[in-house]
Amino acid sequence: MLDFLPLLLATPPMRPGLYLASVLALGMFAQWLAWKFRLPSIVLLLFFGFGFGWLAGRPEAYMGGGDANSPSILFPFISLSVGVILFEGGLSLRFSEIRDTRAVVFRLVSLGLAITAVTTASAAHFLLGLRWEMSILLGALLTVSGPTVIVPLIRQVRPTKRLGSVIKWEGIVNDPIGAVLAALVFEVVAEGSGGDMAYASLKGLSTTLIVGIGLGVVTGWVLVLALRNFLVPDFLQNPVVLAAVLMVFALSNSIQPESGLVTVTVLGVYLANQTSVAVKHVIEFKENLRVLLISVLFIVLASRTEISFTTLGQLGWGLPAFLLILMLLIRPLSVFVATLGSELNSRERLLLACVHPRGIVAAAVATLFALDLAKRKPELQDDADLLVLVTFLTVVTTVTVYGLTLGPLARWLGVSRENPQGVLFAGASAVVREIALALKAEGFAVLVVDTNPGNIAAARMSGLPVCYASIGSDFVFQETDLGEIGRLLAMTPNDEVNTLAAMEFSQQLGRANCYQLAPPERSNQRHERVPTHLRGRLLFEKKVTAEQLRQRFEDGARIKKTTLSDDYSYADFREKFGDTATLMFIVPEKGRLIVCANDSKSEPKKGDKLIAIVDPREGGDASGINLAG
């Protein structure tokens, strides 16, 4: 029964195929656990990686590099994966997001980054006992943050739009800058300090920027030209863009070491901000690929990191002191200086000072540097291992602390919209306005979007927040603050528009939170105008269409609210109002909003408030029912 144990405990413990499949499965399991329990995913990935390394051994045993004569694909894989991740981060950066805060972002990635590098290096030297060259290298490495940690934090905390844009831009832009800075310091450490080292460093930095920016812009221009002229068929566009990213990343690095990080970031920013061709499908593909790469990379990198109590004991009290100073002194100092006199208010500056987690770039670059340094200068092997250990412990600590404290802090400061309950309405007809007003009266944020000037004017006169635009336009995403919006209700009379709205917002809100009215009844599948798999969740009941709602309200139907109690249950509600009452929303005592969809299984309980549409023949007041409309 236990015959498989020798296979698992052999050296290497498992076959390469099983190892790679296990890495991916563990990564996805960690991501799912993080989503389920609202935990920082990177922390789980790292701990899974540490445990997997103890069980299965170092990844070199499976991917080559286990001895001097076996070539390794591990580190080329790490390097290329980091390139793809940075490209995906660049794709999320739109200049329109920082129209009013570009000066703050520039100071954070220049002055703030310099302060972080210098003060971190000093702390590493005096607290960890590292020699100065290794301390400066560590200081440069720990300036980076990146999309792997920043984007999940923003998604979890949902800060105000302005602050969220600043955090995202800083985290993504300082990745290539910090990595290039670390690469220049690494060359000084590895090659020694000659009299012309300052000149060589300046020359290297200039070459890196010229090569990185030049190749990034040229590659972006070529890709846009090819896509705009339909030189690449639709089914090949994502693979072609991926191949171009990997190729230009490797080519840039071959011309100037580490310039590929700048190249792919510039390429992503170029594609995100050009208006000639649509790249949304590329963004969606890269987001899915990023999740896979991050899951695999963190587990693989953590599995080759050896954390021994002996090494931790040698560091002593200096390690926790270093980590505390990094978070409580160095980060606030750099933010305070960089944002002095900026547009950000004191609460936004305080939250910004409390967010700077380190991610995959710091971990991957530290690992690559340690391997290279050990080959060039074997006498620095111990220092190189210590560099990797401190970097990984910094990643674990900063992600854990910021991931667990940032949400409560943001809520306390009033700059967070975590778990938003607001509703975005596509359409502003009379029926939609009545429903939106009912939700607004319960304290939920609402926003109605329509292209009909009359509907928009009527909604504005009734006190509803409005957006005069097409629900599928970029204007809604870029020019409106959707931070308090957690659900979409597509309720226009046009079924195609409703479907388009559900498709557009499913990426941001999730398919579970995108609803649309049922389409008009069709005689058979031949006349179905929109395929079922493209639709959002059917809103309310399958029989409820836009035309039916309009007709019911013209006949006198009204919105009624009922609070269930011991004396009045949901069964009593149904008995009183019958099947003609359409239950739209359930508001539990905790104040969360439950949208009643055709596939909903939520059963109202005592204390819940029901919001329903009741026909006039069934809508008279009755004792024991708290009605308001």
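The values are calculated or read from the model by the stated rules, or taken from the named source; none is laboratory data. This one's a predicted model, so the numbers in the text were calculated from it and none came from an experiment. Backbone-built Cβ (ideal geometry, glycine too); neighbour counts: all protein chains shown. To get the accessible areas, we keep the full protein, side chains included, count just its heavy atoms, and leave off ligands, DNA and RNA. Shrake-Rupley method; radii C 1.70, N 1.55, O 1.52, S 1.80 Å.
Here are the numbers for the structure shown:
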quantity	calculated
Residue identified as open to solvent by 10 Å² or more (accessible area, probe 1.4 Å), in contact (Cβ under 8 Å) with a residue 24 or more places away in the chain and either closer than 15 Å to PRO40 by Cα or in contact with a strand residue (DSSP E or B) (Cβ under 8 Å, 6 or more places away or on another chain) (or both) among LEU413, LEU386, LEU404, LEU409	LEU404
Per-region count, the stretch 282-315, residues surrounded by fewer than 16 Cβ atoms within 10 Å (Cβ to Cβ), modelled with pLDDT under 80 and aliphatic (A, V, I, L, M)	2
Considering residues of the stretch 227-264 that are without any contact (Cβ under 8 Å) to a residue 12 or more places away in the chain and within 30 Å of LEU184 (Cβ to Cβ) only, the residue least open to solvent (accessible area, probe 1.4 Å)	ALA243
Hits in the stretch 446-466 - residues which are within 28 Å of the chain's Cα centre (by Cα) and open to solvent by less than 30 Å² (accessible area, probe 1.4 Å)	VAL446, LEU447, VAL448, VAL449
Extreme residue, least open to solvent (accessible area, probe 1.4 Å), among residues of the stretch 81-101 that are farther than 21 Å from GLY212 by Cα and out of contact with any Asp or Glu (no Cβ under 9 Å at 6 or more places or on another chain)	ILE98
Where a residue in the stretch 166-187 is touching a residue at least 60 places away in the same chain (Cβ under 8 Å) and its partner, wherever it lies, is aromatic (Phe, Trp, Tyr), with Cβ under 8 Å and at least six apart	ALA182/PHE369; PHE186/PHE369
Identity of the residue in the stretch 403-440, of a type in the set (Lys, Arg) and in contact with a Ser or Thr (Cβ under 8 Å, 6 or more places away or on another chain), that ends up nearest to SER145 (Cα to Cα)	ARG417
Matching residues in the stretch 343-359 - criterion: being surrounded by fewer than 18 Cβ atoms within 10 Å (Cβ to Cβ) and either more than 24 Å from the chain's Cα centre (by Cα) or modelled with pLDDT under 85 (or both)	GLU343, ASN345, SER346
The listed residue being open to solvent by less than 10 Å² (accessible area, probe 1.4 Å), closer than 30 Å to ALA34 by Cα and at pLDDT 90 or above, out of LEU439, LEU424	LEU424
Filter pass, LEU538 being open to solvent by less than 80 Å² (accessible area, probe 1.4 Å), under 30 Å from ASP481 (Cβ atoms) and either in a helix (DSSP H, G or I) or modelled with pLDDT under 85 (or both)	no
The stretch 29-55 - residue that is open to solvent by 60 Å² or more (accessible area, probe 1.4 Å) and closer than 19 Å to PRO147 by Cβ and, of those, modelled with the highest pLDDT	TRP35
Test: residue in the stretch 360-370 that is open to solvent by 30 Å² or more (accessible area, probe 1.4 Å) and either over 21 Å from PRO176 (Cα atoms) or among the basic types (Lys, Arg) (or both)	no
Answer residue from the stretch 472-527, given it is in a helix (DSSP H, G or I) and of a type in the set (A, V, I, L, M) and is modelled with the lowest pLDDT among those	VAL476
Residue match in the stretch 56-76 (condition: within 30 Å of VAL240 (Cα to Cα) and at pLDDT 80 or above)	yes
Every residue from the stretch 467-493 that is surrounded by fewer than 20 Cβ atoms within 10 Å (Cβ to Cβ), out of contact with any Lys or Arg (no Cβ under 6 Å at 6 or more places or on another chain) and of a type in the set (D, E, K, R)	ASP474, GLU479
Verdict on ALA430 being within 24 Å of MET584 (Cα to Cα) and over 28 Å from the mean Cα position of the chain (by Cα)	yes
Flag if ALA226 is at pLDDT 90 or above, of a type in the set (Gly, Ala, Ser) and within 26 Å of the chain's Cα centre (by Cα)	no
Restricting the stretch 119-129 to residues that are among the hydroxyl-bearing types (Ser, Thr, Tyr) and surrounded by fewer than 22 Cβ atoms within 10 Å (Cβ to Cβ), the residue that is nearest to LEU215 (Cα to Cα)	THR119
Candidates THR394, THR405, THR400 - the one that is in contact with a Lys or Arg (Cβ under 7 Å, 6 or more places away or on another chain), of a type in the set (Val, Ile, Thr) and closer than 23 Å to PRO320 by Cα	THR394
Residue match in the stretch 102-118 (condition: surrounded by fewer than 24 Cβ atoms within 10 Å (Cβ to Cβ), modelled with pLDDT under 85 and in a helix (DSSP H, G or I))	yes
